[in-house]
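Heads up, the thing below is written out as structure tokens.
The values are calculated or read from the model by the stated rules, or taken from the named source; none is laboratory data. Because the structure is predicted, anything quoted here is derived from the model rather than measured. When we count neighbours, we look across all protein chains shown, and the Cβ atoms used for this are built from the backbone with ideal geometry, even at glycine. With ligands, DNA and RNA removed, areas are computed over all heavy atoms of the protein, side chains included. Shrake-Rupley method; radii C 1.70, N 1.55, O 1.52, S 1.80 Å.
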Amino acid sequence: MNWIGWATGNPLLVGMLGLWILAMLIGIAYAIARVLPKETIWPLLFTVAMHFMSYLLPRVLPLPIAPHKLALPIDSWIPFFPPMISVYLLAYVQWAHYWIGIGLEDRTLRSRSLAGEWIAKGICALAFVFFPTTMARPAVTGTTGFDRLVSLVYLLDAPTNLLPSMHCLQSWLVLRVTLQMRHVPSWYKPCTVVFSLLVIASTILVKQHVVLDLPTAILAAEFGLWLAPRVKFDRVYARWEERLSRR
């Protein structure tokens, strides 16, 4: 399917998606400029940039080996459920809210969490280069708005860089760290747990990932959170903020 042809045939959907992305970016920029302490701005922007670069850079590098297919029998039993694409896309809003929220927490939690996130994203980038994976995705034959959104995601996102799942990794980090936050209302934590688990489920229900991509993402996230304070990598983040706070 050709992107230009698809966009021409679905102008309303493309326009709505464009407005949603624009509104999200404006909201993030406003929050960073007006809400967060000044010393958190550059470290958080670096964290956001690292998230996307660890996913995108391996795609432009020559792969040393051919990609593997890791689908298990259980993957063929899991149904294709296009409505879950709404949760899959709303995950980006969850991550943006999390990055803003962690900027309002105490420096100890922020340093430990974001340093762990950096390690986990580094693991993902290395896996994408040295153990690339791919998968076969189903043909989208429906004509609902959800089906069209799935088609758009398939067009924009090739079935590579699958293991570990960055979607699962980031939403798991959100879940783990939010449970430790002190400056959120009591209802926010259970809602975050439920939505994060829905995001993880959405990755296999819209056939963007296979089952093995999920536990490897959680293991990478947990390893990053475990390793950061033990190798004192969290101090790198803390010192960066301290220097910025003195300016």
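What's the center-to-center distance, using Cα atoms, between region 32-86 and region 176-247 in Å?
13
Using DSSP to define loop residues, name the chymotrypsin sites (Phe, Trp or Tyr not before Pro) in region 144-247 whose beta-carbon has at most 15 other beta-carbon atoms within 10 Å.
Those satisfying the criteria are 187.
Straight-line reach from residue 207: which aspartates and glutamates have a Cα under 15 Å away, not including same-chain ones fewer than 8 places off?
Within the straight-line limit of under 15 Å, residue 207 reaches these aspartates and glutamates: 75, 147, 157.
Mind listing the phi-derived Karplus ³J(HN,Hα) values for region 126-134, rounded to whole Hz, using 6.51, -1.76 and 1.60 with θ = phi - 60°, and x for any glycine or proline?
Once θ is set to phi - 60°, the couplings for region 126-134 become 5, 5, 5, 7, 9, 9, x, 10, 8 Hz.
Run through all the Cα pairs of the chain and give the fraction in each 5 Å bin from 0, expressed as whole percent.
Pair shares across the bins are 1, 6, 12, 16, 19, 17, 13, 8, 5, 2, 0, 0.
Suppose all protein chains stay in the model; what accessible area per residue would a 1.4 Å probe give for region 95-169, in Å²?
That works out to 35 Å² for each residue.
Working with all protein chains in place, sort 211, 194 by solvent-accessible area computed with a 1.4 Å probe, largest first.
Largest accessible area first, the list is 194, 211.
Search the structure for amide H atoms under 5 Å from the amide H of residue 206, placed 1.01 Å from N in the peptide plane, and list their residues when 5 or more places away or on another chain.
81
What does the net charge come to around residue 217 if you take all other residues with beta carbon closer than 13 Å to its beta carbon, with K and R at +1 and D and E at -1?
Once positives and negatives cancel, what remains is -1.
What is the local net charge at residue 141, summed over the other residues whose Cβ is closer than 14 Å to its Cβ (Lys, Arg +1; Asp, Glu -1)?
+2
Under a 5 Å amide H to amide H cut-off, with H placed in plane at 1.01 Å, what residues pair with residue 134 once short-range neighbours are removed?
So residue 134 has HN proximity to 68, 69, 70.
Percent of accessible area on the chain owned by carbon and sulfur, 1.4 Å probe?
Of all accessible area on the chain, carbon and sulfur atoms account for 72 percent.
How would 209, 68 line up by accessible area, probe 1.4 Å, largest first?
Order by accessible area, largest first: 68, 209.
Whole-Hz ³J(HN,Hα) for each residue in region 163-169, computed from phi via Karplus 6.51 cos²θ - 1.76 cosθ + 1.60 with θ = phi - 60°, x for glycine and proline: what do you get?
Once rounded to whole Hz, the list reads 10, x, 6, 5, 4, 5, 4.
What are the ³J(HN,Hα) couplings of region 226-233, residue after residue, when phi is run through the Karplus curve with 6.51, -1.76, 1.60 and θ = phi - 60°? Round to Hz, x for glycine and proline.
Coupling constants for region 226-233: 6, 6, 3, x, 6, 9, 6, 6 Hz.
Which aspartates and glutamates have a Cα less than 20 Å from the Cα of residue 38, not counting those fewer than 8 places away in the same chain?
105, 106, 234, 241, 242
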